[in-house]
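Asks: Take this structure first; my questions come after.
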Amino acid sequence: MLKIEKEKLPELFAKIAAGQELYLPVNISGQVNFAAWDEEVQVDLTTLKSVKSPKDAFFPQSENLYTCKREGKKITIEPEELKNQSFVVFGMKACDVQGLKVLDQVFLSDPVDTFYAARREHGVIVALACHEPEETCFCKVFGIDCAEPAADVAAWMAGEELFFKPLTEKGEALTKSLEGLLTPAGEAGEQAVEEEKAAIRAIVEKLPYSNLSLEGWNGDALTEKFDSPLWEELYKPCLACGTCTFVCPTCQCYDIKDYNTGHGVQRYRCWDSCMYSDFTMMAHGNNRTSQMQRFRQRFMHKLVYFPANNDGMYSCVGCGRCVEKCPAALNIVKVIKSFQKQGGEK
C-alpha cells in the first residue's frame, strides 16, 4: 500500500492527466458531478455522492453512433470511432463500481455493445472508500462494503493522507506510472487504513436503512409482486419526471434519434426513462398505458426481473440518490417497506 499527502493531490492529478484523460468529482455552481480534470476545476473528493453517477464515463448521457452523408445519389455512412485511449475515473464509490457490474451484465452480454465495451476496456477506476456514509445510503443491503471498494485501485482518505492500493493489472500499471509521488504507507499507514475501515463500518451499522430486508424480492416473486394492489396506491404521487432514472447508477434505458446537422445526419443515442409516457412508443402506441404500469416496471425490474435473469444480482446498489432526489418522496426503500407492511412486518 502507498500514500500521498492531500496537499500533493493536484500534482497526482496532473501526472495522471499528462498521459491520459482524467475524470473526477468537480464542483460546478454548487453541484458535484464527474468531469474532465484541468488545473482550473474545483475538485471535490469530500462530497459523498455526485448528483449523477459516474456511469456517464462508460455510458454517456448522449453519444453519436454514426453519421450519414449524401453527395448527389451517393450515401456514405461514417461510424463513430470507438474509444481507443486509456482514461482514469478517480473517486468512484463502491456502490457506483457495483453499478458498472450491473451495466456489464447488460452491455457486455451477447450481442456486445461495442461502444460500452471499448470504454470498459480502456477505463481505469480508482475507487474511494466512503469516509462518512449518509442516512440515505443502504449499499450494505446489496452486499456492498463501502469501506473497501473493489476496483482497479482502492483508495482511502485518512487524516491528511490518501492511501492507494492497486488491485488489478490496470491498477498496477497506473500505480507504476505515479512512481515518485506515491510513497510506501508503512505499518502506521496500514493501521490508519484499518482504523478508517472500522470507523466507516461502524457508521454503516447505525444508518436507518442498513438492515432493510429484501425478503420476498427475487426472481421468483413475479406473479405475487406484479399483481399486488399496492402499486395502485404507491404510484399516485409520482410526477413522471424521470429524475430517479437519470441519477441512478444502473439504469440503462436509451433512445436512438437522428439529427440533421446541415452537413449530414447524425444518429445518436441518449438516456431515456421507463417513467416517461412516450418510452418505447411505437406505431401502435405504448405497451404501458398508465403511470402505474410505468412506476411498477421500474421497481419490478430492479428487484425481480433483473435478478431473475442475472443469477440473483439486483439492479439496485443502495446508493440512495433516488431517496435524496425524488421530488415526491418516492423511492425504492419506500416500495420495499410498503410490501413489508403488507406482509405483517413492522
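Asks: For segment 132-145, give me each residue that is touching a residue at least 12 places away in the same chain (Cβ under 8 Å), under 21 Å from Leu303 (Cα atoms) and not acidic (Asp, Glu).
Replies: Result: Thr136, Cys137, Phe138, Cys139, Lys140, Val141, Phe142, Ile144.
Asks: Can you name the residue in segment 174-183 that is free of Cβ contacts under 8 Å to residues at least 12 places away in the same chain and not in a loop (DSSP other than H, G, I, E, B) and, of all such residues, is farthest from Lys8 (Cα to Cα)?
Replies: By that ranking, first place goes to Lys176.
Asks: Within segment 272-290, can one find any residue that is in contact (Cβ under 8 Å) with a residue 40 or more places away in the chain and not basic (Lys, Arg)?
Replies: Looking through segment 272-290, none of the residues is in contact (Cβ under 8 Å) with a residue 40 or more places away in the chain and not basic (Lys, Arg).
Listed here are the residues, each with its yes/no results for (1) in contact (Cβ under 8 Å) with a residue 40 or more places away in the chain; (2) more than 23 Å from the chain's Cα centre (by Cα); (3) under 24 Å from Phe279 (Cβ atoms).
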{"position": "Ala151", "(1), (2), (3)": "yes, no, no"}
{"position": "Lys165", "(1), (2), (3)": "yes, no, no"}
{"position": "Ala199", "(1), (2), (3)": "no, yes, no"}
{"position": "Gly219", "(1), (2), (3)": "yes, no, yes"}
{"position": "Asp227", "(1), (2), (3)": "no, yes, yes"}
{"position": "Ala240", "(1), (2), (3)": "yes, no, yes"}
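Asks: Only one residue in Ala147, Ala192, Ala199 is in a loop (DSSP other than H, G, I, E, B) and assigned by TED's automatic domain parsing to the domain that holds Val97, so which one is that?
Replies: Exactly one of Ala147, Ala192, Ala199 is in a loop (DSSP other than H, G, I, E, B) and assigned by TED's automatic domain parsing to the domain that holds Val97, namely Ala147.
Asks: Residue check: is Asp258 in contact with a Cys (Cβ under 9 Å, 6 or more places away or on another chain), in the same structural domain as Ser315 (by TED's automatic domain parsing) and loosely packed, with under 12 Cβ neighbours inside 10 Å?
Replies: Spelling it out, Asp258 is indeed in contact with a Cys (Cβ under 9 Å, 6 or more places away or on another chain), in the same structural domain as Ser315 (by TED's automatic domain parsing) and loosely packed, with under 12 Cβ neighbours inside 10 Å.
Asks: Could you say whether any residue in segment 281-295 is in a helix (DSSP H, G or I), crowded, with 18+ Cβ neighbours inside 10 Å and either at pLDDT below 95 or in contact with a strand residue (DSSP E or B) (Cβ under 7 Å, 6 or more places away or on another chain) (or both)?
Replies: Looking through segment 281-295, at least one residue is in a helix (DSSP H, G or I), crowded, with 18+ Cβ neighbours inside 10 Å and either at pLDDT below 95 or in contact with a strand residue (DSSP E or B) (Cβ under 7 Å, 6 or more places away or on another chain) (or both).
Asks: With respect to Lys52, is the statement that it is surrounded by fewer than 22 Cβ atoms within 10 Å (Cβ to Cβ) and in a loop (DSSP other than H, G, I, E, B) true?
Replies: Criteria met by Lys52.
Asks: Among Thr67, Thr114, Thr76, which is in contact (Cβ under 8 Å) with a residue 40 or more places away in the chain and more than 21 Å from Asp152 (Cβ to Cβ)?
Replies: Of the residues listed, the single one that is in contact (Cβ under 8 Å) with a residue 40 or more places away in the chain and more than 21 Å from Asp152 (Cβ to Cβ) is Thr67.
Asks: Outside the structural domain of Phe142 (by TED's automatic domain parsing), more than 16 Å from the chain's Cα centre (by Cα), crowded, with 16+ Cβ neighbours inside 10 Å and assigned to a loop (DSSP other than H, G, I, E, B): does that describe Tyr276?
Replies: So Tyr276 fits the description; yes.
Asks: Looking only at segment 27-56, count every residue that is under 22 Å from Arg120 (Cα atoms) and out of contact with any helix residue (DSSP H, G or I) (no Cβ under 7 Å at 6 or more places or on another chain) and tell me the total.
Replies: Residues in segment 27-56 being under 22 Å from Arg120 (Cα atoms) and out of contact with any helix residue (DSSP H, G or I) (no Cβ under 7 Å at 6 or more places or on another chain): 5 in total.
Asks: Here's another thing I want to ask about it. Out of Val247, Val265, report the one residue that is among the aliphatic types (A, V, I, L, M), outside the structural domain of Cys146 (by TED's automatic domain parsing) and closer than 21 Å to Val97 by Cα.
Replies: Exactly one of Val247, Val265 is among the aliphatic types (A, V, I, L, M), outside the structural domain of Cys146 (by TED's automatic domain parsing) and closer than 21 Å to Val97 by Cα, namely Val247.
Asks: Go through Glu39, Glu78, Glu11 for me and flag whichever is in the same structural domain as Phe164 (by TED's automatic domain parsing), modelled with pLDDT under 95 and outside any strand (DSSP E or B).
Replies: Glu39
Asks: For segment 25-72, what are the residues that are in contact with a strand residue (DSSP E or B) (Cβ under 8 Å, 6 or more places away or on another chain) and among the acidic types (Asp, Glu)?
Replies: Of everything in segment 25-72, those that are in contact with a strand residue (DSSP E or B) (Cβ under 8 Å, 6 or more places away or on another chain) and among the acidic types (Asp, Glu) turn out to be Asp44, Asp56, Glu63.
Asks: Given the criteria touching a Ser or Thr at 6+ places or on another chain (Cβ under 8 Å), at pLDDT 95 or above and crowded, with 18+ Cβ neighbours inside 10 Å, does Pro166 qualify?
Replies: The answer is yes for Pro166.
The values are calculated or read from the model by the stated rules, or taken from the named source; none is laboratory data. Keep in mind that this is a model prediction, so the values were computed, not measured. Cβ atoms come from the backbone with ideal geometry, glycine included; neighbour counts cover every protein chain shown.
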